[in-house]
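In what follows, a single structure is set out as structure tokens and then discussed.
Read the figures in this text as sums done on the coordinates, not as results from a lab. Predicted model, so just to flag it, every value in this text is computed and none were measured. We place every Cβ from the backbone using ideal geometry, glycine too, and count neighbours over all the protein chains shown.
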There are 2 protein chains.
Amino acid sequence: MPETSENGTGRAADSVVRRLSAKIQAGEYSDGTPLPPERLLMEEFGISRTVVREAVQALSKQGLLEARPRHRPIVRKPGYDAAISALETVVSHLLKNAGGVKNLFDTRILVESALVRQAAQQAQRDDIAALKAALEANEAAIDDSDEFYRTDRAFHALLYEIPRNPVLPALHKAYVTWLAPQWSRMPRLHERNKANHGAHVQILDGILMRDPDAAEEALRRHLEQAWTQVCETFGEDL
Amino acid sequence: MPETSENGTGRAADSVVRRLSAKIQAGEYSDGTPLPPERLLMEEFGISRTVVREAVQALSKQGLLEARPRHRPIVRKPGYDAAISALETVVSHLLKNAGGVKNLFDTRILVESALVRQAAQQAQRDDIAALKAALEANEAAIDDSDEFYRTDRAFHALLYEIPRNPVLPALHKAYVTWLAPQWSRMPRLHERNKANHGAHVQILDGILMRDPDAAEEALRRHLEQAWTQVCETFGEDL
DNA sequence: TCATTCCTTTGGTACGACCAAACTATGGGG
DNA sequence: CCCCATAGTTTGGTCGTACCAAAGGAATGA
């Protein structure tokens with residue numbers, strides 16, 4: 001048995017994928033630079049264009065290349081965001097299944113409640129300051145629903161930044177992206193904006209008081225209410 | 001702006017991808033059945049084999065097809081496991097960067113500590129029973145390091161099953177898969193087995209006593225010690 | 001009935017061609 | 001001298017064909 005074969009179809013392309021990704025990681029093809037033309041690559045590697053294209057496609061799916069339709073692939077060292085974009089298509093299918101959205105949202109509750117606990121215990125001064133600023137911006141936007149939605153996201157995003165773990169902001173982005181179809185089609189009511197802002201205040205209060213339980217409690221109420229609102233909008237949406 | 005363009009290269013294949021995935025989800029191609037031959041597909045969709053292959057490759061990366069090198073692609077309705085396999089290649093690159101493993105492991109601590117809290121508060125009788133059984137198996141395997149490793153994983157896996165959210169077991173599988181390279185190459189010492197088993201006991205104790213703080217505390221100590229051990233083995237492995 | 005062998009099917013790769021979009025160089029007008 | 005329209009070139013996207021080798025199945029013989 002020669003290899004683990006993580007690839008989709010052939011093997012020859014696989015070798016090229018490895019060699020190319022090695023070159024990319026070695027910096028031989030600089031970040032942000034377009035990859036050489038396919039016709040050059042086929043010459044360089046002694047393969048047909050078929051294989052070159054296959055390899056390029058694979059690498060783009062891996063986030064090492066950013067391939068817009070009619071343009072040269074751009075070399076990209078993958079960040080944690082690339083991971084979520086790799087998940088995008090799969091998740092989109094998953095979310096169509098019954099309970100898919102609920103399952104995803106529940107993990108968000110799980111993660112975010114852990115985050116506020118951690119925030120209550122470990123948040124630094126600048127973290128707190130950022131949260132306060134976000135909260136003020138959130139309050140100022142209560143009358144503008146689009147802006148309120150934006151500042152709402154920004155407030156939650158800060159929670160994911162406090163641990164200084166780059167995985168977490170990417171995760172938040174993922175949540176926002178995947179749950180947006182439900183959220184953004186929900187009616188934006190002034191009342192709800194006020195309630196949500198109030199919930200944010202309670203969360204921050206818990207953090208300020210260094211009370212993980214209170215902070216978590218507030219966060220859970222907040223998110224669960226949000227879920228209830230979504231259910232009211234979409235009915236049987238499991 | 002016409003489309004989000006999640007694809008790698010062309011656009012024609014994109015259409016085929018959509019039509020194929022629709023057929024798959026509609027059950028027109030049954031789960032477990034091999035996809036029709038490429039030459040048939042190109043006829044059915046009125047496209048060249050190039051595009052067919054491109055689409056097949058894309059679908060296999062999305063987890064809708066399971067494509068072994070020289071075989072017919074097998075139709076698969078993607079589960080939550082498919083998602084993590086889609087992440088595999090990206091993550092493997094990410095883990096090579098400095099701090100990559102640490103970042104991933106930290107998210108595990110975050111999630112798992114939230115899980116034990118939840119377990120302490122909501123675990124049902126059968127959950128507790130399963131945990132006890134797993135713990136006994138773990139104790140019985142203290143002298144057999146391979147077996148101990150297995151039962152260790154099984155114990156932790158149970159924590160991910162308690163919320164009955166299918167995302168979580170998949171996540172645990174992902175953690176195990178991605179952190180395995182570090183873990184499995186670590187020396188298995190009898191002493192450590194005993195210590196780890198003891199940590200498991202403490203975690204379960206916390207759950208049994210319905211004391212989230214104690215359970216979380218024990219879990220964090222356990223995982224952080226595991227990380228320390230990994231660092232001792234690999235040194236500067238950030 | 002089972003193992004061997006031969007033939008057909010089918011995926012993997014190569015080569016060549018063409019088109020249209022993207023890029024580049026060129027030249028004219030401000 | 002700079003900016004912009006234009007022509008020419010590059011280059012990715014698609015198609016068709018051809019060939020090979022492995023997989024799958026059918027026919028054959030023990």
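Observations on the model:
- Chain lengthening between A:Gln121 and A:His71 when straightened (0.36 nm per residue, less Cα-Cα): 13.2 nm
- Formal net charge of residues neighbouring A:Arg164 (Cβ-Cβ distance under 10 Å; K, R +1; D, E -1): -3
- Pairs from the table (A:Lys132/B:Lys102; A:Lys96/B:Lys96; B:Lys102/B:Lys194; A:Lys77/A:Lys173; B:Lys132/B:Lys173; A:Lys23/B:Lys173) lying more than 26 angstrom apart at Cα are A:Lys132/B:Lys102; A:Lys96/B:Lys96; A:Lys23/B:Lys173.
- Relative to the longest principal axis of the Cα atoms of chain A, the long axis of helix A:125-140 lies at roughly 70 degrees.
- Placing +1 on each Lys and Arg Cβ and -1 on each Asp and Glu Cβ, with no other charges, gives chain B a dipole about its Cα centre of roughly 940 debye.
- With the label put 7 angstrom out from Cα along the Cα-to-Cβ vector, A:Arg68 ends up 4.1 nm from the copy partners, going from closest to farthest.
- For B:Leu65, residues with placed amide H under 5 Å, excluding near neighbours: B:Ser60, B:Arg76
- The angle between the Cα long axis of helix A:167-184 and the main principal axis of chain A comes to about 70°, on a 0 to 90 degree scale.
- Label spacing, shortest first and in nm, from B:Ile142 to its equivalents in the remaining copies (7 angstrom along Cα→Cβ): 6.0
- A cut-off under 15 angstrom between Cβ atoms defines the neighbours of B:Ile109, and their net charge, with Lys, Arg +1 and Asp, Glu -1, is +2.
- Starting from the label point of B:Pro181 at 7 Å along Cα→Cβ, the same points in the other copies fall at 3.4 nm, in ascending order.
- Taking the inverse of the mean reciprocal distance over all distinct Cα pairs, the Kirkwood hydrodynamic radius of region B:12-78 comes to 11.5 Å.
- The angle between the Cα long axis of helix B:80-96 and the main principal axis of chain B comes to about 80°, on a 0 to 90 degree scale.
- Helical runs assigned H by DSSP (4 residues or longer) give chain A a calculated mean residue ellipticity at 222 nm of -23500 deg cm²/dmol, each run adding -39500 (n - 2.57) before division by the residue total.
- For the A-to-B rotation axis, chain A residue with nearest beta carbon and its distance in angstrom: A:Ala114, 2
- Environment charge at B:Thr33 (Cβ cut-off 13 Å; Lys +1, Arg +1, Asp -1, Glu -1): +1
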